Amino acid sequence: MNGILHESLESKDSGSPSQPLYFLPSKSSLSKSQKKIVEERVQAIKSEVPIYVAIMRQFSLGISRKPVLELGSRYATAVNLPNGEQAVVLWCGRNIWKASMVTYRQRHYLCGGWHKFVRDNDLSLGDICLFELKRNERELTMMVHIIPMKEL
């Protein structure tokens, strides 16, 4: 499937494949250099669940309107994101931002607070954000790892 890392991690004990390491939005792809950097970062994170890889585009940055970031439906299903409106904590470095996640037509979107995250982190076209869902938190929490375009 396009948008999913095809290399599966195999358990040395059971020999059964695990989930993909990360998901990309449908209709998105990474260049060879982007893929190499993303895969290195994803493997270094060692997340219990797949990571969502978002490439910052005009829509997600709010260049023409208020910024909204779609979290892919395959990712939402794989990590069991809740439907409806939900508060979400975005954690980047030592800072946190409160945002909201809404579901519309089976798609999950970060909004309400996402614009402040974009502005405070000076996100630009082509930057990549890795969203790591944190389990066992009181609130829905995602650690965000930013890869600036200049590093790609």
> Among SER73, SER60, which is within 13 Å of the chain's Cα centre (by Cα), surrounded by 18 or more Cβ atoms within 10 Å (Cβ to Cβ), modelled with pLDDT of 90 or more and of a type in the set (Ser, Thr, Tyr)?
Replying inline: SER60
> Looking only at the range 77-87, which residues are out of contact with any Lys or Arg (no Cβ under 8 Å at 6 or more places or on another chain) and either among the hydrophobic types (A, V, I, L, M, F, W, C) or in a strand (DSSP E or B) (or both)?
Replying inline: ALA78, VAL79, LEU81, GLN86
>> Just to be sure before I move on: is VAL49 surrounded by 14 or more Cβ atoms within 10 Å (Cβ to Cβ) and in a loop (DSSP other than H, G, I, E, B) in the structure I sent?
In response: yes
> Within the range 79-94, can you find the residues that are of a type outside the set (Gly, Ala, Ser) and farther than 22 Å from TYR22 by Cα?
Replying inline: GLU85, GLN86, ARG94
> Among the residues of the range 7-24, is any at pLDDT 50 or above and at positive phi?
Replying inline: no
> Only one of these conditions is not met by VAL89: (1) at pLDDT 95 or above; (2) among the hydrophobic types (A, V, I, L, M, F, W, C); (3) open to solvent by 20 Å² or more (accessible area, probe 1.4 Å). Which number is it?
Replying inline: (3)
>> Could you check the range 100-147 and list, in sequence order, the residues that are part of a strand (DSSP E or B), open to solvent by 80 Å² or more (accessible area, probe 1.4 Å) and in contact (Cβ under 8 Å) with a residue 24 or more places away in the chain?
In response: ARG107
>> Suppose the filter is farther than 22 Å from ILE147 by Cβ and either modelled with pLDDT of 95 or more or β-branched (Val, Ile, Thr) (or both); does LYS116 pass it?
In response: no
> Checking TRP97 against (1) open to solvent by 10 Å² or more (accessible area, probe 1.4 Å); (2) under 22 Å from LEU21 (Cβ atoms); (3) in contact with a Phe, Trp or Tyr (Cβ under 6 Å, 6 or more places away or on another chain), which single condition isn't satisfied?
Replying inline: (2)
>> Would you confirm, using the coordinates I've provided, whether ARG41 is surrounded by 12 or more Cβ atoms within 10 Å (Cβ to Cβ), in a helix (DSSP H, G or I) and touching a Ser or Thr at 6+ places or on another chain (Cβ under 8 Å)?
In response: no
>> I'm told TYR75 meets every condition in (1) closer than 16 Å to VAL144 by Cβ; (2) in contact with a helix residue (DSSP H, G or I) (Cβ under 7 Å, 6 or more places away or on another chain) except one. Can you identify the failing condition by its number?
In response: (2)
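The values are calculated or read from the model by the stated rules, or taken from the named source; none is laboratory data. Quantities reported herein were computed from a predicted structural model and do not represent experimental measurements. In this analysis, Cβ positions are derived from the backbone assuming ideal geometry, glycine residues included, and neighbour counts consider all displayed protein chains. Quick note on the areas: whole protein, heavy atoms, side chains included, nothing else; ligands and nucleic acids left out. Shrake-Rupley method; radii C 1.70, N 1.55, O 1.52, S 1.80 Å.
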